[in-house]
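Trainee: Next up is a structure, given as structure tokens.
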Amino acid sequence: TRHPQAIGQIIWCIAHSLWIGTSFTLVTSFGLICHHLFAIWHGDRRLEFKFGDEFRKFRQVTSIIPFLAILDGRQEFKFSEYFKLSQIGILVAIVVIWSSHRYINIAVTTFNSSFLSEFFDWQFKLIT
């Protein structure tokens, strides 16, 4: 997709609207989805203005909808792009963070009984 962040945020809005389901969530998500659709249109328009024919060629072999260009045969899926050292680092970070969830309560209890808790509590008393 040419706009992965916008597509991801549109999916996020739909999921949260379905999950929460309040009128506020629906209205907010509708507004955000409209914002992202405008950003996709405006981004493509701006890039076409800036790069002209080069962007038009790029637009012909890509798509806004994820994986559509691969399904249409305009692009091919290359597994080698996903087997890089940085991807392994991301995978290790996800496993470490996911497996550390069970220690969150221990960390909170330890923090709350430390001098840092009193220090930050003192800082917030000055603000309020």
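Trainee: Identify, please: which residue in segment 23-65 is more than 18 Å from residue 7 (Cβ to Cβ) and either of a type in the set (A, V, I, L, M) or touching a helix residue (DSSP H, G or I) at 6+ places or on another chain (Cβ under 6 Å) (or both) and is, among those, surrounded by the fewest Cβ atoms within 10 Å (Cβ to Cβ)?
Mentor: The selected residue is 27.
Trainee: Can you tell me how many residues within segment 66-107 are assigned to a helix (DSSP H, G or I), loosely packed, with under 10 Cβ neighbours inside 10 Å and not aliphatic (A, V, I, L, M)?
Mentor: So the count comes out to 10.
Trainee: I'm trying to understand the selection: among the residues of segment 7-22, which are surrounded by 15 or more Cβ atoms within 10 Å (Cβ to Cβ) and farther than 20 Å from residue 74 by Cβ?
Mentor: From segment 7-22, those surrounded by 15 or more Cβ atoms within 10 Å (Cβ to Cβ) are 7, 9-10, 13, 16-17; that's our starting set.
Selection gives 9, 10, 13, 16, 17.
Throughout, read-outs are computed from the coordinates displayed, never taken from laboratory work. These figures come from a predicted structure and were not determined experimentally. Quick reminder, even Gly has a Cβ in these numbers, built from the backbone with ideal geometry, and neighbours come from all protein chains shown.
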